[in-house]
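The values are calculated or read from the model by the stated rules, or taken from the named source; none is laboratory data. The structure presented is a predicted model; accordingly, all values stated were derived computationally and were not measured. Every residue, glycine as well, gets a Cβ built from its backbone with ideal geometry; the counts of neighbours run over all protein chains shown. The protein model used for the area step is the full one, side chains on, heavy atoms only, and it has no ligands, DNA or RNA in it. Shrake-Rupley method; radii C 1.70, N 1.55, O 1.52, S 1.80 Å.
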Amino acid sequence: MLHGEALMADVTVASLNIRGVPLTGSRLAARCQAIGAFFEASDVDVACLQEVHTYAHLALLARQMRSFRYVSFRRALPGPAGDVVTFSRIPVSSTAFRGFGSVTAPIPWQARLRARMKGALVTKLTSPEMSVINTHPLANTDGDWSAANRFFPAHRAQLGALSEVVCGMLAPVVVCGDFNIDRDCALFSDF
């Protein structure tokens with residue numbers, strides 16, 4: 001999704017949740033190596049990755065993606081904040097992580113804890129001058145996308161926080177990530 005003026009140059013941006021399904025037995029180390037090799041051989045300029053849970057997985061990706069000299073993330077424990085990392089072949093002028101904050105929705109305590117770690121990684125490219133926002137809001141483990149679902153208020157709050165980040169950008173913006181929201185959900189269309 002673009003926000004702002006038209007881009008002056010072509011930039012190819014890709015987004016991928018590296019974890020995959022199923023969560024158990026996904027052979028994540030081998031997946032990281034294969035994903036990194038794929039992007040290294042591609043014509044992608046910027047790769048936004050989600051569910052990069054540990055620095056070991058980040059290192060596996062980086063070893064394969066050597067031409068992506070600019071790697072954006074914010075340090076946290078046990079891995080990148082929000083589990084989001086942006087790799088770029090284009091020089092980067094700055095990186096910032098904007099957390100979404102805590103949620104008060106009546107969701108399980110584990111989900112409330114995970115929600116506090118979620119946010120938007122803003123990577124500003126130098127030429128063309130644009131921002132790439134990589135995000136991964138809280139997952140809806142119920143799979144119910146109706147307004148009556150207990151995750152609906154949390155998703156609305158996180159998308160509202162993301163909207164504030166996007167609207168605060170001056171240059172053109174590309175927003176990508178794993179939104180964890182059904183494409184037909186009212187939350188997504190409202191965003």
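The residues of the chain present an accessible area of 51 Å² per residue when probed at 1.4 Å with all protein chains retained.
Each of residue 9 and residue 139 was given a label point 7 Å from its Cα along the Cα-to-Cβ line. The distance between the two points is 3.7 nm.
Using Cβ point charges alone (K and R +1, D and E -1), the dipole size of the chain about the Cα centre works out to roughly 800 debye. So what is log10(I(q)/I(0)) for the range 90-191 at q = 0.12, 0.13, 0.23, 0.25 1/Å, when the Debye sum runs over its Cα atoms only? Log10 of I(q)/I(0), two decimals: -0.41, -0.47, -1.18, -1.33. Taking trypsin sites (Lys or Arg not before Pro) across the range 58-152, the ones in a DSSP loop with at most 11 further Cβ atoms lying within 10 angstrom of their Cβ are 66, 75. Entry note, the chain: the mean residue ellipticity at 222 nm calculated from DSSP H runs of n ≥ 4, each adding -39500 (n - 2.57), is -8500 deg cm²/dmol after division by the residues and rounding to the nearest 500. Solvent-accessible area assigned to carbon and sulfur over the chain amounts to 54 percent, based on a 1.4 Å probe.
The length gained on full extension between residue 148 and residue 43, counted as 0.36 nm times the residue separation minus their Cα-Cα distance, comes to 33.5 nm. Extension gain for residue 63-residue 77 works out to 2.9 nm (0.36 nm per residue, less the C-alpha to C-alpha distance). How many percent of all Cα-Cα pairs in the chain sit more than 31 Å apart? Considering the chain, 16 percent of its Cα-Cα pairs are separated by more than 31 Å. Shape class of the range 58-103 from the alpha-carbon gyration tensor: oblate, with a/c at 1.5 or above and b/c at least as large as a/b.
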